[in-house]
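Asker: One structure follows; several queries about it will come next.
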Amino acid sequence: MFKQILTLIRGGAYEAQETFGNRHALPILGQQIRDAARGVEAARKAVAVAIAQNRLEKENAERLSARIADLETRAIAALKRDREDLAAEAAATIARLETELQNAHRVQAEFSGGIDRLRQTVRQSEMRLAALRRGERLAMARDRTQRLTSEVPGRELATLADAEATLARLENRQREAELTAAALTELQDDQDPAALAEKLAAAGCGRPLVTSADEVLERLRSKATSGN
C-alpha cells in the first residue's frame, strides 16, 4: 500500500510538472534561447581569442625566421673573416632560435586545426540558434492566433465569433430599419393625392406638373414673335 502511495505521489508530481511545462512553454523556450545565445556568443569570443593567439604565434615565427636568416648571413661573413669565435657564438644562438621556431610552428599548427573545428562548431551553433529563434516567433504567432480564436472568459474580452455575431445582428437591424422606412414612405405616398398626381405625371399620364426649360423657351419665342 505504501509503495502504491509513493507511486501515486510520483505520478502526480510528474503530471504537475508536465502541466507547468506546457502552460509556460513559451517563456521557458524564450529563456532557453537567451541562454543558448549567450553560450554561442561566449564560444564566438573564445574563437576570436584563439585566432588572435594564432596570429601572435605566426608573427613570432616570422620574427624568429628573420633573426635566424640575419644571424646566418652574419655568421657566414664572420667565417670569411676567419672569426671562428663569432661564427660559433652565432651558430649556438641560431640553434636556440631554430628550436623556438619549431615550437612556434607546432603551436601554430595545433591552433590552426583547433580553430577550424571551433569555427565549424560555432557556425553550426549559430544556424541552430537562428532556427530556434524562427521557431519561437512562429510559436508566438500560433499562440496569439489560438488565443484570439478560442473562448476567453470575462466581460472585457470577446472572441472573434462573438464579434461577428454582434455585427451580423447590427447589420440585420439596420437593414430592417431601412426597409421599414421605405415601406412607410410608400404607404404615405399611396394616401397622398398630390403624390399620386406627381407619380402619374412622371409616367406621362396627363399634363406635366413641372414646367420644363423647353416649354419656357417656346413661350418666350411666342412672345417675341407676337411683339413684332
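Just so you know, all these numbers are worked out from the coordinates, no wet-lab data involved. What you are looking at is a predicted structure, and each value in this text was computed from that prediction instead of being measured. Every residue, glycine among them, receives a Cβ derived from its backbone with ideal geometry; neighbour counts consider all protein chains shown.
Asker: At a Förster radius of 35 Å, what calculated FRET efficiency corresponds to the Cβ-Cβ distance of Met140 and Ile115, to the nearest 0.05?
Answerer: After rounding to 0.05, the efficiency reads 0.40.
Asker: Would you kindly state how much longer the chain becomes between Arg219 and Glu198 on full extension, computed as 0.36 nm times their sequence separation minus their alpha carbon distance, in nm to one decimal?
Answerer: Details: separation 21, 0.36 × 21 = 7.56 nm, distance 2.31 nm.
Result: 5.3 nm gained on full extension.
Asker: I need the phi-derived Karplus couplings for the stretch 73-84: 6.51 cos²θ - 1.76 cosθ + 1.60, θ = phi - 60°, integer Hz, Gly and Pro marked x.
Answerer: For the stretch 73-84, the Karplus curve yields 4, 6, 5, 4, 5, 5, 5, 5, 9, 6, 9, 4 Hz.
Asker: Say each of Arg123 and Gln174 gets a label point 7 Å from the Cα, pointing the same way as Cα to Cβ; how far apart are those two points in nm?
Answerer: Inter-label distance under the simple model: 6.0 nm.
Asker: So between Ala131 and Leu97, what do we pick up on full extension, going 0.36 nm a residue minus the alpha carbon distance?
Answerer: On the way: separation 34, 0.36 × 34 = 12.24 nm, distance 5.01 nm.
Value of the extension gain: 7.2 nm.
Asker: FRET efficiency for Arg106 and Asp70, Cβ-Cβ distance as r, R0 = 22 Å, nearest 0.05?
Answerer: 0.45
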